[in-house]
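Notes follow once the structure below has been shown.
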Amino acid sequence: MVGRLALVFASVLSVCFALVVSIGMPAASASAAAPASVDTVHLSATPAPSPEPTSDFTSTFTVSGIIKSGDEGVESVDVAVSGNGFDETVSTNAQGRWTVNVPEPGTYTVALDESTLPDGVALRDGTEASKEITLAQTNSVSVLFPTGEDTRQTTGFGEQLLIRIVAGLNFGLLLALAAIGITLIFGTTGLNNFAQGEMVTFGAIMSWVFGVLLGLNIVVATIVAVLLGAVFGYLNDAVIWKPLRRRGVRLVQAMVVSIGLSIVLRYVYLFNIGGQTKTMNVGLSTPVIIGPLRLTVATLISMGLSVVVLLAVGYFLTRTRIGKATRAVSDNASLAAASGINVDRIIRIVWILAGALSALAGVMFALYRQVSWDMGFQILLMMFAAVTLGGLGTAFGALIGSIVVGLFVELSTLVLPPDLKYASALVVLILVLLVRPQGILGRRERIG
């Protein structure tokens, strides 16, 4: 029964994805159809077409980059990628971008032909024309060859600290939007939903489909994505979780189902949008300089919107009848049912709310970073860390835990390599739980 329900749900979702993406593809420009470049964290204010795939095979492993002189891309510069029996040379497009699909993970050499650089453009002092990269844990690697003089201003420790704090608050607020769904679902049903990351990915993909492929205004695309996320949450409960509750499936088995659903959904996404990273070129990358901080319009909007939505959720849970009923179900579902509360209805509302919040988090993450088929899975561990740190089942605990995780992840880069920042957050989680096992805002429970 469980297998048939999951199969039906995945099949319906796959068909819906195919229809939406197929509708959007004709309206998409060449830049949307080509693999998106992953060479920079900052989004381009003007949509720039990426190079067409250069290889004769289909590959989810890409090496890409951008070559610029000042703010302008440098065209017709040759870049060679070789290794593991593979050798290919491509030229940058009008925006200075290049992309090469490689057949498999491994170590490759990326070499820039300096003779193809135009007059007056040269590699920056200390920059090698040949670099060795490794494709192992990720399916894409960006390689940069900076040109001209280094005009970046050096910042002191105090300025770096301020920059990291703002980045940590931004990451923590986005994490909280996604993590609150986990804690609400756990509080009302006892289920640890490992498919929550795919609900985040769903929102990001929908915003990309409607905002980039269909060319809708990003505000309209965000509203549509959030509404579809709410519908997605409703379908999750109606098709899978409510039937399982009625059949008395235990929480451990339900958790295994959520893990399987997570895997199925990830590959539904991969099948429909491909393995290349998508860039949200929606005109929100205009830089905003505030003292030592260099932010973008997208960052400011995402932080402000996150604060407003989180305050609205807090008001909903503390001041409305449905919110109070949700907290009652979370505290004691049997007692809530005995007092006349429709527990199934509250759980359905929680799933809808979790879907909407996760979709909104996905849109914000898409603007903050980029869109990929497994982006939700990449932050799933951070979401669970935030929920556990704040206290399982408490929405406000998820908020506090998310802020703590976000700040520690970013601040740790001041003393640790960036590759270790997520691991450092988990170390803090372990240390806090050793002192306070129930989490920051969790309640002590008597065992035995």
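The values are calculated or read from the model by the stated rules, or taken from the named source; none is laboratory data. All values reported here derive from a predicted model rather than from experimental measurement. Cβ placement follows ideal geometry from the backbone for every residue including glycine, while neighbour counts extend to all protein chains displayed. In case anyone asks, the SASA skips ligands and DNA or RNA and just uses the protein heavy atoms, side chains included. Shrake-Rupley method; radii C 1.70, N 1.55, O 1.52, S 1.80 Å.
Enumerate the amide H contacts of PHE61 below 5 Å, restricted to partners 5 or more residues apart or on another chain; note that Pro and chain-start residues carry no placed amide H.
Distant-sequence amide H within range of PHE61: VAL102.
Explain nothing, just compute: Karplus ³J(HN,Hα) = 6.51 cos²θ - 1.76 cosθ + 1.60, θ = phi - 60°, for every residue of segment 172-179 in order, whole Hz, x for Gly and Pro.
These are the phi-based 3J(HN,Hα) values: x, 5, 5, 5, 5, 4, 7, 6 Hz.
Using only the Cα atoms of segment 335-448, build the gyration tensor, take square roots of its eigenvalues as a ≥ b ≥ c, and label the shape rounded, prolate or oblate: rounded if a/c is under 1.5, else prolate if a/b is larger than b/c, else oblate.
In terms of gyration-tensor shape, oblate.
How far apart, in nanometres, would the label points at LEU433 and GLU104 be if each is projected 7 angstrom from Cα along the Cα-to-Cβ direction?
3.8
Measure off, as a whole percent, the carbon and sulfur share of the 1.4 Å-probe accessible area of segment 61-145, all protein chains present.
40
Report the full-extension gain for the segment ILE290 to GLU128: residue separation times 0.36 nm, less the Cα-Cα distance, to one decimal in nm.
Fully extending the segment from ILE290 to GLU128 adds 55.0 nm.
Quick one: check the C-alpha center-to-center distance for segment 257-281 versus segment 407-442, whole angstrom.
Cα centroid of segment 257-281 versus Cα centroid of segment 407-442: 28 Å apart.
Under a point spin-label approximation (7 Å from Cα along Cα-to-Cβ), what is the LEU311-VAL231 distance to one decimal in nm?
Calculated label separation equals 3.1 nm.
Under the rule a/c < 1.5 gives rounded, and otherwise a/b versus b/c splits prolate from oblate, where does segment 85-208 land using the Cα gyration tensor?
oblate
Distance in nm between label sites at GLU114 and PHE86, each 7 Å beyond Cα in the beta-carbon direction?
2.7
With a 1.4 Å probe and all protein chains in place, put SER339, SER130, SER402 in order of accessible area, largest first.
Order by accessible area, largest first: SER339, SER130, SER402.
What figure, in Å² to the nearest 10, do you get for the accessible area of LYS324 with a 1.4 Å probe and non-protein molecules left out?
Accessible surface of LYS324 is approximately 110 Å².
Output the antiparallel fraction of DSSP beta bridges having both residues in segment 61-145, as a percent to the nearest 5.
90
Return the sequence-ordered ³J(HN,Hα) values of segment 184-192 in whole Hz as given by the Karplus equation 6.51 cos²θ - 1.76 cosθ + 1.60 applied to θ = phi - 60°, using x for Gly and Pro.
With the stated coefficients, segment 184-192 comes to 5, 5, 5, x, 8, 10, x, 8, 8 Hz.
Each residue of segment 369-376 in order: what ³J(HN,Hα) in whole Hz does its phi give by Karplus 6.51 cos²θ - 1.76 cosθ + 1.60, θ = phi - 60°, with x for Gly and Pro?
10, 8, 9, 8, 5, 10, 5, x
Compute the FRET efficiency between GLU159 and LEU416 as 1/(1 + (r/R0)^6), taking r as their Cβ-Cβ distance and R0 = 25 Å, and round to the nearest 0.05.
After rounding, the FRET efficiency stands at 0.85.
Order of 373-383, 77-87 by packing, highest average Cβ count within 10 Å first?
Result, highest mean first: 373-383, 77-87.
If I take R0 = 51 Å and measure r between the Cβ atoms of VAL252 and ILE223 in this structure, what FRET efficiency does the formula 1/(1 + (r/R0)^6) give, to the nearest 0.05?
Rounded to the nearest 0.05, the efficiency is 0.85.
Any of LYS242/LYS278; LYS131/LYS421; LYS278/LYS324 with alpha carbons more than 29 Å apart? Name them for me.
Check vs 29 Å cut-off fails for LYS242/LYS278; LYS278/LYS324.
What does the charge dipole of segment 61-145 about its Cα centre add up to, to the nearest 20 debye, if the Cβ of each Lys and Arg holds +1 and the Cβ of each Asp and Glu holds -1?
280
Peptides 116-127, 312-323: what's the order by average Cβ count within 10 Å, highest mean first?
The densest-packed peptide leads the list: 312-323, 116-127.
Please label the shape of segment 215-289 as rounded, prolate or oblate, based on the square roots a ≥ b ≥ c of the eigenvalues of the alpha-carbon gyration tensor (a/c under 1.5 means rounded; beyond that, a/b larger than b/c means prolate, else oblate).
Since a/c reaches 1.5 and a/b is larger than b/c, the shape of segment 215-289 is classed as prolate.
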